[in-house]
Amino acid sequence: MSIGTRIKTLRLKKGLSQTEIADVFHVSAQAISKWESETSLPDISQLPVIASYFGITIDELFDYPVDLEYERIDRMVENGKVLSNELFNHCEDFLLNEIKKDPKNHRAISTLADLYHFHACRLNDKAVHFALDALELKPDNKFDLNTLTNASYGNRNDWNTGCHFKLIEHYQRLIKNHPTNQRTKLYLLDNLIADCRYEEANQVLDASNLEFDEFYRLWMKEKQVGFDSVRNEYEMLIQKHSNNWRILMEVANRYAYNQKYEEAIVVYEQTFAVATKPRYTDMLASIRYLHKSLGNYDKAIDACNRELQLLKEEWNITKGELVDELKQEIEDLQNK
């Protein structure tokens, strides 16, 4: 889409004539007509005014090659940029058009799903902010408490809303259509066990040859007899798989969930040491949360700095939402 066509599309969305938009930009209607017909282009000094009026960035006035448009959307999501309605609609329109041209375009479909989820998370952040404000005014308001819980992905004790029935069905259908897909089975097992559907989880394990078989069976045993009863078995699993960061990570999570924070930190550190690069920040983030819970604020700050270093050295990320959150966390911890 050319800049002239873009201006015309934006003008029509606002329901304005060429004369009306010309008055806004202090040019003649003939000038607007020439822009839209590509006979001439706006002066570069007018671009900020045009972009500001339509609520978009200057970049959005120009046509991007398809690959650059994909990369642009990926960067916006990676950097945690809050999207204006105009910018979100622009990205959505581009991806929907790509899918319309090729309904099997995985890149477009996957990017659109990611875009929707990212935008939903940003909207959830806003919902949390205003739900908290509302609860300050009416602390016992059920509607606001539900909004806060749902937007924060909080636990709900009602079975019909707290269980993972629909998600499990999605995973089961995917596995039926793609029976050799191993990763989907792991996601299915996580949710079956979370819902205490042990018999079905064992059936999945019996029919599969999964790297995590020992862990999942031990996790189910823990859920039924308690963590203390299987603690020695977890320690044996750590020793047996001392170089398998994926299994170590799962065991560390069980220690943390059972409030064995000091032990969990040790296993997370072991996991981080043997993980393949580029490493995810999950281990360090968990270490940070645990030190914070234990009141070890200096060690929590150290974990923050290690996360920043990891992002820079292994992912080449030096700015964006995650970096800003870590810097803010350091500031907050220093004030404790």
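The values are calculated or read from the model by the stated rules, or taken from the named source; none is laboratory data. Since the structure is predicted, the reported quantities are computational estimates derived from the model, not experimental observations. Counting neighbours? That spans all protein chains shown, and the Cβs are built from the backbone with ideal geometry, glycine included.
One table, with the values for the structure above:
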{"item": "Flag if residue 38 is of a type in the set (D, E, K, R), part of a loop (DSSP other than H, G, I, E, B) and touching a helix residue (DSSP H, G or I) at 6+ places or on another chain (Cβ under 8 Å)", "result": "yes"}
{"item": "Flag if residue 5 is in a helix (DSSP H, G or I), under 38 Å from the mean Cα position of the chain (by Cα), among the polar types (S, T, N, Q) and not assigned by TED's automatic domain parsing to the domain that holds residue 93", "result": "yes"}
{"item": "Out of 236, 249, sole residue that is in a helix (DSSP H, G or I), surrounded by fewer than 19 Cβ atoms within 10 Å (Cβ to Cβ), of a type outside the set (D, E, K, R) and at pLDDT 95 or above", "result": "236"}
{"item": "Top-ranked residue of segment 186-225 - restricted to ones that are part of a helix (DSSP H, G or I) and polar (S, T, N, Q), ranked as farthest from residue 249 (Cα to Cα)", "result": "203"}
{"item": "Filtered residue count, segment 306-332, keeping only those that are touching a helix residue (DSSP H, G or I) at 6+ places or on another chain (Cβ under 8 Å) and either closer than 20 Å to residue 264 by Cα or in a loop (DSSP other than H, G, I, E, B) (or both)", "result": "5"}
{"item": "Which listed residue, of 173, 183, is under 15 Å from residue 209 (Cα atoms), in a helix (DSSP H, G or I) and without any contact (Cβ under 8 Å) to a residue 12 or more places away in the chain", "result": "183"}
{"item": "Sole residue being in contact (Cβ under 8 Å) with a residue 40 or more places away in the chain and crowded, with 16+ Cβ neighbours inside 10 Å, chosen from 94, 118", "result": "118"}
{"item": "Qualifying positions in segment 223-250 - of a type in the set (Asp, Glu) and farther than 20 Å from residue 185 by Cβ", "result": "228, 233, 235"}
{"item": "Checklist (1) touching a residue at least 24 places away in the same chain (Cβ under 8 Å); (2) assigned to a helix (DSSP H, G or I); (3) over 29 Å from residue 311 (Cβ atoms) applied to residue 48, failing item", "result": "(1)"}
{"item": "Pairs, first among the aromatic types (Phe, Trp, Tyr) in segment 285-299, second not in a helix (DSSP H, G or I), C-beta under 7 Å, six or more apart", "result": "297/336"}
{"item": "Residue in segment 187-194 that is without any contact (Cβ under 8 Å) to a residue 12 or more places away in the chain, exposed (fewer than 13 other Cβ atoms within 10 Å of the Cβ) and over 19 Å from residue 124 (Cβ atoms) present", "result": "no"}
{"item": "Residue 296 vs. criteria among the polar types (S, T, N, Q) and more than 28 Å from residue 77 (Cβ to Cβ)", "result": "yes"}
{"item": "Any hit, segment 185-201, residues being under 21 Å from the mean Cα position of the chain (by Cα), under 30 Å from residue 94 (Cβ atoms) and modelled with pLDDT of 95 or more", "result": "yes"}
{"item": "Single unsatisfied condition, residue 207 versus (1) surrounded by fewer than 16 Cβ atoms within 10 Å (Cβ to Cβ); (2) among the hydrophobic types (A, V, I, L, M, F, W, C); (3) within 22 Å of the chain's Cα centre (by Cα)", "result": "(3)"}
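Quick grid of which residues meet (1) polar (S, T, N, Q); (2) at pLDDT below 95:
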| residue | (1), (2) |
| --- | --- |
| 117 | no, no |
| 129 | no, no |
| 146 | yes, yes |
| 156 | no, yes |
| 163 | no, yes |
| 170 | no, no |
